[in-house]
Amino acid sequence: MADGRGLVKVAAGSREGPFLDALIEVLREVGSLPDLAAPHAKHPDLQPVPLT
């Protein structure tokens, strides 16, 4: 995290078809964002998810 990089792990099981295509598109969009503030700027209604 010190160098500004992150890792996202997604479990999709054996999904295929439209669900997998949509999931890949979302991951590509997230991966193209310049920083962690960008999702909120693009989608102001997003709410953080507690990780605890």
Excluding ligands, DNA and RNA, the carbon-plus-sulfur percentage of the accessible area of the chain with a 1.4 Å probe reads 61
Taking Cα atoms only, helix 18-32 is inclined relative to the longest principal axis of the chain by an angle, in degrees rounded to 10, of 20
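I'd like to compare 19-25, 46-52, 31-37, 9-15: which one has the highest average count of other Cβ atoms within 10 Å, and what's the full order after that?
Peptide ranking by packing, descending: 19-25, 31-37, 9-15, 46-52.
FRET efficiency for D35 and A12, Cβ-Cβ distance as r, R0 = 25 Å, nearest 0.05?
The value I calculate is 0.45.
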Given a 1.4 Å probe, the accessible area of the chain per residue, as a whole number of Å², is 100
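The values are calculated or read from the model by the stated rules, or taken from the named source; none is laboratory data. Not measured: the values here are computed from a predicted model. Cβ: placed from backbone, ideal geometry, glycine included. Neighbour counts: every protein chain shown. When the accessible area is computed, the model is the full protein with side chains, heavy atoms only, and any ligands, DNA or RNA have been set aside. Shrake-Rupley method; radii C 1.70, N 1.55, O 1.52, S 1.80 Å.
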